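Right, one structure below, let's go through it.
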Amino acid sequence: MARAGVRVSVGAATMGAMATLTGQQIADAGLVGWVNLGGCLHTRVRTGDFAAGLALVVQIGAEAEQRDHHPDVDLRYGHVDVTVVSHDAGGVTQRDVDLARRIGELAAQGGHTLHGTEVTRLDIALDTPDRTEVAPFWRAVLAYEDRPGFDDEVRDPAGALPPVWFQESGDAEPRQRWHLDVWLDPEQVQPRIDAALAAGGQVVDDDAAPRFWVLADPEGNRVCLCTWQDRG
């Protein structure tokens, strides 16, 4: 079975002068209302209506222009989702933490609160003995592109669709070809597991917890719940 959560590089790697932060360093930064999912900072700002959300997006845009560091912003009727990451460094850096903190201040000034634990990130994984053989097909048919520094993943250039990554597996071993990686805040994992068990599922493998858990539905179809945390 595919083992999720092993390919995201959010350690002490550097690109240029900007160092990425570890998951623990991000947690120690004390960001309120933000979650670290798959090497990016995410939050949801509950704005209540479209106009208030639009006003907040304008403020975030102005702040981003001033800093020359631009988050991904998704405006909906009742909320605004924000994702912050340093693409050039391949992970979360101090400038992301600083921008996230400032976005929280802008939201608070408008009377809004951050609800990062409501956000889930979804990746799609394909088990394959030879990713170099199949990756070009999926890159072409989805009109995706390679992710710099990650030779096992292709991504939507617009960031609107889930990433697809290719997990190495043996030629003869039984495998579920496709599975989902669901990235959650660590505090949300147990409630999600409880809900899955109540719905007839089971925990197949928790050896790598708290990095990831493997769950299966009543027919044996598997899914991984992933967090930024490592054991110990």
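At a glance:
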| item | result |
| --- | --- |
| Region 121-226, dipole about Cα centre (Lys/Arg Cβ +1, Asp/Glu Cβ -1), debye to the nearest 20 | 280 debye |
| Neighbourhood net charge (12 Å Cβ-Cβ; Lys/Arg +1, Asp/Glu -1) for Glu145 | 0 |
| Spatial separation of Cα centroids for region 132-146 and region 174-232, in angstrom | 27 Å |
| Principal axis box of region 82-159, alpha-carbon based, largest edge first, Å | 51, 24, 20 |
| Gyration tensor over alpha-carbon atoms, region 23-118, equivalent ellipsoid semi-axes in Å | 21, 14, 11 |
| Charged-residue dipole, Cβ positions (Lys, Arg, Asp, Glu), the chain about Cα centre, Debye nearest 20 | 400 debye |
| Calculated [θ] (222 nm, deg cm²/dmol) that DSSP helices of n ≥ 4 give over the chain, each run adding -39,500 (n - 2.57) | -8500 deg cm²/dmol |
| Cα-based Rg / Dmax (Å) for region 52-99 | 11.2, 33 |
| 3J(HN,Hα) from dihedral phi, region 119-136, Karplus parametrisation 6.51/-1.76/1.60, rounded to Hz, x for glycine, proline | 8, 10, 10, 10, 10, 10, 10, 10, 6, 8, x, 8, 5, 5, 7, 9, 4, x |
| Local net charge near Gln202, Cβ-Cβ under 12 Å (Lys/Arg +1, Asp/Glu -1) | -3 |
| Descending semi-axes in whole angstrom, ellipsoid equivalent of the chain, from the Cα gyration tensor | 31, 21, 17 |
| Charge dipole (region 121-226, unit charges on Cβ, about Cα centre) - positive-most of Ala158, Asn221, Ala198 | Ala158 |
| Translational D in µm²/s for region 121-226 (Stokes-Einstein at 37 °C, 0.692 mPa s, Kirkwood Rh from C-alpha pairs) | 220 µm²/s |
| Residue-count net charge about Pro136 - beta-carbon cut-off 15 Å; Lys, Arg +1, Asp, Glu -1 | -3 |
| HN-Hα J in Hz across region 20-31 - Karplus 6.51, -1.76, 1.60, θ = phi - 60°, x for Gly and Pro | 7, 9, 6, x, 5, 4, 5, 4, 6, 5, x, 5 |
| Charged-residue dipole, Cβ positions (Lys, Arg, Asp, Glu), region 23-118 about Cα centre, Debye nearest 20 | 200 debye |
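Every read-out reported here was derived from the displayed coordinates using simple, explicitly stated rules and does not represent laboratory data. As the structure is a computational prediction, the values presented were derived from the model and not from experiment. Virtual Cβ from ideal backbone geometry, glycine too; neighbours counted across all protein chains shown.
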